[in-house]
Amino acid sequence: MGESSQTEKIEKEIMFCPFCGGNGCVKCENRGVWLKVGGAKYFWQPKTGAASIISSVVKSVLFALFKFFAVIFVIFSFWEAFDFSLVKANGFYPLFAQKGPVQFLFWSSLGILIYWIYNKKIKPSVLLEGDLALMPKVNLNIEPFFSPSAKSKIYAAITLARKEKNPGFVWRLLKVLINEKKMIPVFEKLEQSPEKISRLINQRAASAPEDRGAESENGASAIPDAKKTALLAFADMSALGKNKIDETCLLFALLRFDEINFFFEKEAEVETSSLRYAAFWTQTKPSRGIFEGLFKKRGKRLVKIKHRIMNRAWTARPTPTLDRFSRDITDFAAARVIAPIVNRRQEIDQVMRILERNSKNNALLVGEVGSGRKSIVNEIGRLIVREKALPNLHDKRLVALDASQVISGVKAGGELESRVHLILSEIHKAGNVILFIPDIHNLAESGSEYGFDISEILAPVFSMSAFQVIGSTTFYDYHRTIEKRGDFADTFDIIKVEEVSPEITLEILMREAPVLEDKEGVFFTFGAFKKAVELSKRYIFNKLLPSKAVDLLSEAAVIVRTRRGKNAVVSSEDIANLITEKTGVPITKITAGEAARLVNLESEIHRRVIGQNEAVRTVAEAIKRMRVGLRNEKKPVGVFLFLGPTGVGKTELAKSLAEVYFGSEESMIRLDMSEFQSAENIDRLIGSTDGNTAGRLTEGVKKQPFSLILLDEFEKTHPSILDLFLQVFDDGRLTDSFGRTRDFTNTIIIATSNVGSKIIQERLKEGKKLEDFRPEIEANLLNYFKPELLNRFNAQILFTTLSPEEILQIARLQIKKLSDRLENAQGIKLEVLPEAMNKITELGYSPLYGARNLQRVITEKIENIIADKFLRGEIKRGQTFTIKNIE
Amino acid sequence: MLDFIINFAYDWYIRGSKKFWNGAFGFIKSMDSDLGVIANIYNWTSPLYGDYSYGGRIIGPIFRTGRIFLGLAVCAVAFLVALAAYVIWLALPAVVLVMFFLNLLTFV
């Protein structure tokens, strides 16, 4: 809408008469308050006495009656003149030559018609450009700009203020406005109960202090604020491009008052920016009245696409081969099935300027999927048809070639080559074709299976500039395919198509919403739009805005319709649910059950991880902070360094964290950093520039943006590779070998290291506490990692060696898991007696390897025996297998 | 009242005329997107349908000349209709006013 800055500026120009404070006096010619913009002064001279209000209402009723009778009169007079005696029999001559009552009726009706044409079509509107600053120097009463209903609201508020003997006009106006039927959908769109808002306003209005200009108890004046509000509404009317001050303008004006702003933001918990958007959107939405069916039918009618080959100058030639493999965008634009684009003016102008040139007139749109490359080309097609494109593009055909169709069905290389030659020759001869090749990399690299390269055929033709070409590709495919075909790449000028901003996306959604609502039979709240933009930006990475937000909204609409039926409301919570379903990340509001689970998160983790209290507490606290929205969203969820000897539960804690936060252990990207001990191994981490090696880290995060990244044996990483992690830990992003940025802001990163484990073991043996030797460990870490890297960890967590009791608990846990598996798979119950359990613990424990051998012992001493006995038929389903002792 | 008369006269005759002719020329221009008069003038020497044979080069200007004249004739008719409408536009307020009062007098 973009009105705020202008109106902020305008508000400063509001002036009150220093003599009467805005009530109106002789010195200010009863104007009281002015809005000064440039050289122009606006004022509102309402008639606010009780008699004036009544006379104004009577006047508006009389005027409406007059208009009605004027229409009847004109129709009747023309009917009389044409049908009755004159024109039908003798032509127009008697109307001029003779005089009489019928002629009088005719000419007076014509006079009324002229006045109507003058008033509606010719008389200039005071606001020509919607910008008050551009207005001529006038001194104007804004009274004629009021819609009758808006004016009646102001009068009602003044009357209310008088009745309540309180000049708090703005609260009374707000009260009147909120009770207006038109405002109910606004608050419903904001997922707010209109009744609640109304109740809060009534409370505030009752306690509002006197605003301004109170004269006495019974002479309290609401006039100055009424005038100020009216003038601000006038400014908003201009900024919104309207020609009447309506209820939306009044609401916008009220939001300029600090107390109203504060009330909505802090007390009613309604964002005023959202309120403005919702009010504007709801009030300017296409009517859903009695003509809805008619519009629906028109919207859904089958449109016949007429194929036009010939240009106006008759110089073109038919292109039958091209037509077989293409779609004419200008044909679709001529049939008006291409909707105008929002924003992208800069890119469109750039493309048209390139196409307009005499040489090197080919443009290549490079952008990610969903960035709107196709929409840009469609818009150019629309501009060509409407003759709004640059002159060289007038009367041209914009044709999109389907490269996959060109390639498909080809049996030999020669066939493909001749097909491409034929298409290019047709385009050249036609002379009126602009060729659009979507995903041009597919065509450029085809032919290699037949021993030639299509780009070698295309490059010389494109470089001749005989016709214009628009190509589109992604950054990745540009580097992979086009850049290395130098001659081919040189024929294009590159235009980068970046992602649109969330604000523009919001506008696009508001435009798309009515179409989606009609199609799916549901209604969107404004919160759903905001959430769709916010969450798709944060959690969807394989597409760009706006398409990912539009897709999210469409999907949510389908889900809501199927689950809750037609006319259901799609709210922000539905969008959040959908994102949670898609990503597995809990982003919906914290329910009571979940809150309880979060409070007990430590004990939840301890069900899997035995001991290591400090480590568990630190990570649990990080999760809690994140879930209540306290984390920094521009960094990873958490970055931890787990230090300690092997087999003490570092990996187990990482796994349990992945399960608790991301829903499953599978959401873990595990990298053994001992594989990255030389600088050359960087390719395996972020991909090689030739595209032959995929980056395990970057591709892993691309596939699983919500995951736990476990960097095992972090200290073994080559120092230059370690430097890469500085950016990851700090900014939550990393650029791969193709220059694509990968997002790590939804990951938990855990690096494990055995550095200092010897110190830990020795000091613990000496009976020291963790805190006593932490400085020693930290000093030791500096031998392996740079201080700036260590500083970027949220916490360096020391894992202690496990005590025999803890090993026993781990053994019990693992035996329980085995028992469950056995019962599920074979229906056999497992019972391990304490003596056997102690033996397993004894065999599985090693001061050097912690509990690492425990699983091996369980496999050897229990699992193998059970398998053997089961196969021999010595134990059967339903039986309990008891292990009394272990040899 | 005097203000109204002055404003009306200015708006009807000056602003209104500007609007009228903008609309009329816009309409004639939009007709050209079908008639192709300007395009054929620019391409008068170009052969039709990319036929660069001798025959094509000769026939091209002949056909184009015919098309240009035909198109101009249609545009001229449209212009004359617009001109007639404009004359009515100019005369209408005055005629209506005069006829209104002349007929009013019959009641007196």
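The values are calculated or read from the model by the stated rules, or taken from the named source; none is laboratory data. Just so it is clear, the structure is predicted and the values come from calculations on it, not from any experiment. Backbone-built Cβ (ideal geometry, glycine too); neighbour counts: all protein chains shown.
Summary of values
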read-out: Test for A:GLU387: is it assigned by TED's automatic domain parsing to the domain that holds A:GLU483, in a loop (DSSP other than H, G, I, E, B) and within 25 Å of A:SER455 (Cα to Cα); value: no
read-out: Test: residue in the range B:61-78 that is closer than 22 Å to A:TRP314 by Cβ, hydroxyl-bearing (Ser, Thr, Tyr), in a helix (DSSP H, G or I) and facing chain A (nearest Cβ under 9 Å); value: no
read-out: Residues satisfying the stated conditions in the range A:648-672, i.e. more than 14 Å from A:GLU604 (Cβ to Cβ) and not acidic (Asp, Glu); value: A:VAL648, A:GLY649, A:LYS650, A:THR651, A:ALA654, A:PHE662, A:SER664, A:SER667, A:MET668, A:ILE669, A:ARG670, A:LEU671
read-out: Positions within the range A:96-122 being more than 7 Å from chain B (Cβ to nearest Cβ) and under 58 Å from the mean Cα position of the chain (by Cα), in sequence order; value: A:SER109, A:ILE112, A:LEU113, A:TYR115, A:TRP116, A:ILE117, A:ASN119, A:LYS120, A:LYS121
read-out: Odd one out for B:GLY16 among (1) facing chain A (nearest Cβ under 9 Å); (2) over 17 Å from the mean Cα position of the chain (by Cα); (3) assigned to a helix (DSSP H, G or I); value: (2)
read-out: Residue check for B:GLY50: surrounded by 14 or more Cβ atoms within 10 Å (Cβ to Cβ), within 11 Å of chain A (Cβ to nearest Cβ), within 21 Å of the chain's Cα centre (by Cα) and among the small types (Gly, Ala, Ser); value: no
read-out: Those residues of the range A:32-46 which are over 11 Å from A:ASN139 (Cα atoms) and surrounded by 18 or more Cβ atoms within 10 Å (Cβ to Cβ), in sequence order; value: A:GLY32, A:VAL33, A:PRO46
read-out: Flag if B:ASN43 is under 30 Å from A:LEU113 (Cα atoms), surrounded by 11 or more Cβ atoms within 10 Å (Cβ to Cβ) and more than 23 Å from the chain's Cα centre (by Cα); value: no
read-out: Residues of the range A:123-135 that turn out to be modelled with pLDDT under 55 and within 14 Å of chain B (Cβ to nearest Cβ), as a count; value: 2
read-out: Members of the range B:27-47 that are within 11 Å of another protein chain (Cβ to nearest Cβ) and in a helix (DSSP H, G or I); value: B:LYS29, B:SER30, B:ASP32, B:SER33, B:ASP34, B:LEU35, B:VAL37, B:ILE38, B:ALA39, B:ASN40, B:ILE41, B:TYR42
read-out: A:PHE452 more than 14 Å from chain B (Cβ to nearest Cβ), at pLDDT below 90, touching a helix residue (DSSP H, G or I) at 6+ places or on another chain (Cβ under 8 Å) and under 24 Å from A:ASP477 (Cβ atoms); value: yes
read-out: Pair list, Cβ under 8 Å, 6 or more apart: the range A:416-434 residue within 12 Å of chain B (Cβ to nearest Cβ), other residue among the hydroxyl-bearing types (Ser, Thr, Tyr) and in a helix (DSSP H, G or I); value: A:GLU426/A:THR321
read-out: Of all residues making up the range A:701-757, the number that are free of Cβ contacts under 8 Å to residues at least 60 places away in the same chain, part of a helix (DSSP H, G or I), out of contact with any Lys or Arg (no Cβ under 9 Å at 6 or more places or on another chain) and of a type outside the set (S, T, N, Q); value: 4
read-out: Cβ pairs under 6 Å, 6+ apart, first in the range A:303-321 and in contact (Cβ under 8 Å) with a residue 24 or more places away in the chain, second of a type in the set (Val, Ile, Thr); value: A:VAL303/A:VAL337; A:PRO318/A:ILE309; A:THR321/A:ILE423
read-out: Long-range neighbours under 7 Å by Cβ, at least six apart or interchain, first residue in contact (Cβ under 8 Å) with a residue 40 or more places away in the chain within the range B:16-39, second part of a helix (DSSP H, G or I) and among the β-branched types (Val, Ile, Thr); value: B:GLY16/A:ILE122; B:MET31/B:VAL74; B:ASP32/B:ILE38; B:LEU35/B:VAL74
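This table checks each residue for (1) assigned to a strand (DSSP E or B); (2) among the aromatic types (Phe, Trp, Tyr); (3) over 43 Å from the mean Cα position of the chain (by Cα); (4) at pLDDT below 90.
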{"residue": "A:ALA400", "(1), (2), (3), (4)": "yes, no, no, no"}
{"residue": "A:SER404", "(1), (2), (3), (4)": "no, no, no, yes"}
{"residue": "A:VAL410", "(1), (2), (3), (4)": "no, no, no, yes"}
{"residue": "A:GLY414", "(1), (2), (3), (4)": "no, no, yes, yes"}
{"residue": "A:GLU417", "(1), (2), (3), (4)": "no, no, yes, yes"}
{"residue": "A:VAL420", "(1), (2), (3), (4)": "no, no, no, no"}
{"residue": "A:ILE427", "(1), (2), (3), (4)": "no, no, no, no"}
{"residue": "A:ILE434", "(1), (2), (3), (4)": "yes, no, no, no"}
{"residue": "A:SER446", "(1), (2), (3), (4)": "no, no, no, yes"}
